[in-house]
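Report on the structure given below.
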Amino acid sequence: MAKLVHPKRALSTNPLKSSAPLGAALAYLGIERSVPLFHGSQGCTAFAMVHLVRHFKEAVPLQTTAMNEVSTILGGADQIEEAIENLRKKSNPAFIGIASTALTETRGEDVPGELKEIVSRRTDFADTQIVYASTPDFDGGLQDGWAKAVEAIIDAMVPPSTERDPELRQVTLLCGSHLTPAEIEELVRMVRAFGLEPLVLPDISTSLDGHVSDDWSGTSQGGTPVARIPDVARSAFTLAIGEQMRKAAKLIEDRAMVPYRVFQSVTGLKPVDAFVRTLMGLSGMQDPPPSIKRDRSRLIDAALDAHFHTGGLKVAIGADPDLLFSLSNALTSMGAEIVTAVTTTQHSPVIERVAADEVILGDLGDFERSAKENGAQILLTHSHGRHAEHRLHVPLVRVGFPVFDRIGAQDACRVGYRGSRAFLYEIANTVQSIHHRARPEEFGAAPIAEEFEHVPHVASC
Amino acid sequence: MSDALKSKIQDVFNEPGCGTNAEKSERQRKKGCAKPLTPGAAAGGCAFDGAKIALQPIVDVAHLVHAPLACEGNGWDNRGAASSGSELYRTGFTTDLSELDIVMGYGEKKLFRAIKEVIEAHNPPAVFVYSTCVPSLIGDDINAVCKAATQKFGTPCVPVNAPGYVGSKNLGNKLAGEALLDGVIGSIEPEECTPYDVNIIGDYNLSGELWQVKPLFDKLGIRVLGSITGDARYRQVAMAHRAKVTMLVCSKALINLARKLDERYGIPYFEGSFYGISDTSQALRTMCAMLVEQGAEADLLDRCEQVIAEEETRVWKQLDAYRPRVAGKRVLLYTGGHKSWSVVSALQELGMEVIGTSVRKATDDDKGRVVKIMGDDKHMFENMAPKDMYRMLKDAGADVLMSGGRSQFVALKAKMPWVDVNQEKHEAYAGYMGMVDMVRAIDRAVNNPMWSELREPAPWETPLTETRVLPAITGSCPVTGVPAGVGRPVSLVPPMPPASSAPAPVTAFVSSATDFEDC
Ligand code: SF4
């Protein structure tokens, strides 16, 4: 349906996308006791770290191979080795996820080969799992980096397998970058309600959910345990959330013959119905648990109440493809019209499925311009959209990454029956928060003549 | 890296104005003040970051970053430099180089077009063009592009040549100063000059800190001609060469700029700070004295003393109100440089105990001051690993941590009050009124009743004294209705495969560590 348009210009104004290495780092943070490591110059790491900290309001471990001009030209294998060594000394991580950056990719290095050599030579590194993903900044955005990191994790850690334990009621939940910790929790809750045991990969719901633990650690504060990752091969099924997870799911299928299904969206009635239908099939439960049925009926009620506000609503949305698709789809199914859709990367087939005439591969400059031209009544994008919000006087619902001017970003939940319900309320309430008092002039009627107005007496003293 | 950039870097490292540098041998000096970074243990921003921090507060300029997405995409609009005018500086402009641009060498062309587009769309007084790692590595010549663009479009395009990989933030600050010297300062003449014109270098008006001291200048009739770069307009920076005195605030980073203004235009400079009461007074005194030396009326000195006396009396009166609320609190200061000591005396005067102060980035002079104020050097430390700091705070070795954002969560996760005193903070603590704001922030932090609640044990940490009222769980899950049992670690039991034996009664539901609810 939607056509992807590339604006012809050299200048990007107010970037919408976050970088691919940052996406990879975020995925790595979903592994227990991990430290993401950028292969590049230290500045990229500092920027990415600040970005993550501002969103999650958490200390985020993130390190760099600290490349300088000389090491960039000579090649960075030594830097990688030294970085791993220092990291192990400092925080003893169980997992180090390396992401390349524009700098090292421009130079072009055979990092996988060098890494292999390092790992085989340095037997003392054996108790740290090391994974590498190639994520140049100049190709794609956060979502692509995340997907590549997950693929790299699977590629490195999931063994080929043909055995299946029929007793094991385990399913793999592959989470895309657009899911918040609360959303992963919600999906896990749904899966469990059917008596299935989800194995979440990567799981930021236990590492970046915002909690206080009893000690300080220099690694991620939770996440999928390293030892559990190979078990992905033993799951009965893979539930891949987001089109970006298709390749990863496919990879598991190739390795271990685990069938999969990709859910391009789990927001809105129909998409969640499809998810539930799959869970019913997997668990053999014709009659889902009462909590699930109740939540569905409550979503229907919410839709009844919300449709007065969402019908005909002109929406401008800017987000990574998967988030763009799932939210815009939920809104159009409620009668809204997507007048502006801007996304960050062309690498996604869901873009075509977005219910809009065109999807702009662009930035917040495009977003603002298009929203203005098309008379958008509500904006959905991340916190940087606040400038457009102020200039256009159109309310902003903060979605995606980063959300730095509100707290509790990790708790936003817009998936499942419950999350969809909350999302509809959120949109409807934002619409209602715009205080508009109708005036006769708007309809072409003359205002009440002044002579009818009561003039308060001036108090005489 | 081009030879021009190399010699620039050599030049800024060879800073005679810097005391630390003067003590070094020729070879050490060549190496620069940047320590080589340790892979896996490095922290902090790159040179580009430093340059951007120093220049972005010029509010009406278009700041265009020539880079793939990383440099600007992850970092634009992330600082609190306040503007009283244009908002253009907050707009993130970048060439967002794609793979194709890099491989095919379209970088320079794209940059030229981007400059054209930004001028057409916003018509700024100038465009600042920042180089970054990738364009530098592939040899894009931003100086040449800027020169051509300036000629073609008539809007000054200023190259800022500080690609990230040449070094630290600090080096970037210096290179930014050089960019201003080379391309901006001296390019516009003010309509009129007064003997009360000063430059303020190194204050970025974060959260409005410059405005906290501006009323003092206003009272004294001092005009900030060249602001580098807090709430600055391009024209202000361009006219900085006509000031009479330069004040270098809080930092050695831009000392090259201050010194060269002196060399080239004969503007003497002094280093001062508006952080702490005595510092503020001292800075005003020095500034006025130097202005008088430069030709201002001598009565400025008396007026200055009068303002200082009034302000100090007033601020102490305001601070006294907080004394009972903050007296006796133990403060751990984790900042560095001259901040290691500049607020210590004020805190002590209010009855607070400073149990430690870090002297990172502090000069010997700074360290001497710490010893003088605190009596000995027992309370001085360099770095503290987050782990150790966490333990110390957790064991209640302090009542409040005052530090920068990096250690914020170390304190908070140890359930310890934290006050932000570094650059990224949201509140301004400069000048006399800033001190009141800071003490108010300490009061607000340490006296919040939340802390004692948070530190109370959880319900299950105290043994249960009541006996059980209800019978143990049997049968099925109350939420899902699915029968439980058959001895599996899975919480709910599937209808298939059919269990051969009857389900055993369940005494407790097994839940995983990541459980949130249900059975
Ligand atoms: S280190 Fe280089 S590539 Fe990274 S942010 Fe700094 S300038 Fe950009």
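Here residue A:221 clears all of (1) touching a residue at least 40 places away in the same chain (Cβ under 8 Å); (2) under 21 Å from the mean Cα position of the chain (by Cα); (3) away from chain B (no Cβ under 14 Å) except the condition numbered (3). The criterion of at least 3 residues that are among the hydrophobic types (A, V, I, L, M, F, W, C) is met by the following strands (runs of 3 or more DSSP E) wholly inside segment B:334-428: B:400-403.
Within segment A:402-428, the set of residues being in contact (Cβ under 8 Å) with a residue 40 or more places away in the chain, in a helix (DSSP H, G or I) and open to solvent by 20 Å² or more (accessible area, probe 1.4 Å) comprises A:410, A:411, A:418, A:421, A:425.
The set of residues in segment B:59-97 being under 12 Å from residue A:11 (Cα atoms) and open to solvent by 30 Å² or more (accessible area, probe 1.4 Å) consists of B:96 alone. Of the residues making up segment A:38-80, just one is near the ligand (Cβ under 10 Å from one of its atoms) and more than 9 Å from chain B (Cβ to nearest Cβ), namely A:38. Among the residues in segment A:225-242, are any open to solvent by 10 Å² or more (accessible area, probe 1.4 Å) and within 11 Å of chain B (Cβ to nearest Cβ)? The answer is yes, given that some residue of segment A:225-242 is open to solvent by 10 Å² or more (accessible area, probe 1.4 Å) and within 11 Å of chain B (Cβ to nearest Cβ).
Scanning segment B:48-59 for residues that are more than 7 Å from the ligand (Cβ to nearest atom) and within 11 Å of another protein chain (Cβ to nearest Cβ) returns B:50, B:51, B:52. Regarding residue A:342, is this residue within 14 Å of another protein chain (Cβ to nearest Cβ) and at pLDDT 95 or above? Yes, satisfied. Whenever a residue of segment A:114-133 is free of Cβ contacts under 8 Å to residues at least 60 places away in the same chain and surrounded by fewer than 16 Cβ atoms within 10 Å (Cβ to Cβ), its partners that are part of a helix (DSSP H, G or I) and β-branched (Val, Ile, Thr), lying with C-beta atoms within less than 9 angstrom and at least six residues away or across chains, give the pairs A:122/A:84; A:126/A:119.
Screening residue B:94 against (1) facing chain A (nearest Cβ under 8 Å); (2) polar (S, T, N, Q); (3) touching a Phe, Trp or Tyr at 6+ places or on another chain (Cβ under 7 Å) leaves a single unmet condition, (3). Where helices (runs of 4 or more DSSP H) fall wholly inside segment B:1-62, the ranges with 1 or more residues that are at pLDDT 70 or above are B:3-13, B:47-55.
The residue of segment B:60-77 that is farthest from the other protein chains (Cβ to nearest Cβ), among those that are more than 12 Å from the ligand (Cβ to nearest atom) and out of contact with any strand residue (DSSP E or B) (no Cβ under 7 Å at 6 or more places or on another chain), is B:60.
To keep it simple, each residue is scored yes or no on (1) surrounded by 21 or more Cβ atoms within 10 Å (Cβ to Cβ); (2) small (Gly, Ala, Ser).
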residue: A:46; (1), (2): yes, yes
residue: A:49; (1), (2): yes, no
residue: A:56; (1), (2): yes, no
residue: A:66; (1), (2): yes, yes
residue: A:86; (1), (2): no, no
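Of the helices (runs of 4 or more DSSP H) lying entirely inside segment B:122-239, those carrying at least 2 residues that are within 21 Å of residue B:12 (Cα to Cα) and within 16 Å of the ligand (Cβ to nearest atom) are B:133-137, B:169-183. When residue A:392 is tested against (1) over 22 Å from residue A:428 (Cα atoms); (2) open to solvent by 30 Å² or more (accessible area, probe 1.4 Å), exactly one condition is not met: (1).
Selection of segment A:305-339 for residues being open to solvent by 40 Å² or more (accessible area, probe 1.4 Å) and over 23 Å from residue A:436 (Cα atoms) yields A:329, A:333.
Filter segment A:228-270 down to the residues that are in a loop (DSSP other than H, G, I, E, B) and in contact with a helix residue (DSSP H, G or I) (Cβ under 6 Å, 6 or more places away or on another chain), then identify the one that is farthest from residue A:421 (Cα to Cα). Here the residue is A:258. Assessment of segment B:81-103 against the conditions (at pLDDT 95 or above, in a strand (DSSP E or B) and more than 16 Å from the ligand (Cβ to nearest atom)) yields no matching residue. Here is the figure for segment A:1-21: residues that are without any contact (Cβ under 8 Å) to a residue 12 or more places away in the chain and of a type in the set (D, E, K, R) total 2. Quick one: is residue B:189 among the acidic types (Asp, Glu) and outside the structural domain of residue B:50 (by TED's automatic domain parsing)? Yes. For residue A:378, the test of being farther than 26 Å from residue A:146 by Cβ, buried (at least 22 other Cβ atoms within 10 Å of the Cβ) and in contact with a strand residue (DSSP E or B) (Cβ under 8 Å, 6 or more places away or on another chain) is passed.
When segment B:236-259 is examined, which residues are found to be more than 24 Å from residue B:171 (Cβ to Cβ) and charged (D, E, K, R)? Of everything in segment B:236-259, those that are more than 24 Å from residue B:171 (Cβ to Cβ) and charged (D, E, K, R) turn out to be B:242, B:244. Any residue that is surrounded by 20 or more Cβ atoms within 10 Å (Cβ to Cβ) and in contact (Cβ under 8 Å) with a residue 60 or more places away in the chain - is there at least one of those in segment B:364-379? Within segment B:364-379, none of the residues are surrounded by 20 or more Cβ atoms within 10 Å (Cβ to Cβ) and in contact (Cβ under 8 Å) with a residue 60 or more places away in the chain. Here is the figure for segment B:154-171: residues that are under 17 Å from residue B:187 (Cα atoms) and of a type outside the set (A, V, I, L, M) total 5.
The values are calculated or read from the model by the stated rules, or taken from the named source; none is laboratory data. No experiment lies behind these values; they were computed from the predicted model shown. Counting neighbours? That spans all protein chains shown, and the Cβs are built from the backbone with ideal geometry, glycine included. The accessibility values were calculated without ligands, DNA or RNA, using every heavy atom of the protein model including side chains. Shrake-Rupley method; radii C 1.70, N 1.55, O 1.52, S 1.80 Å.
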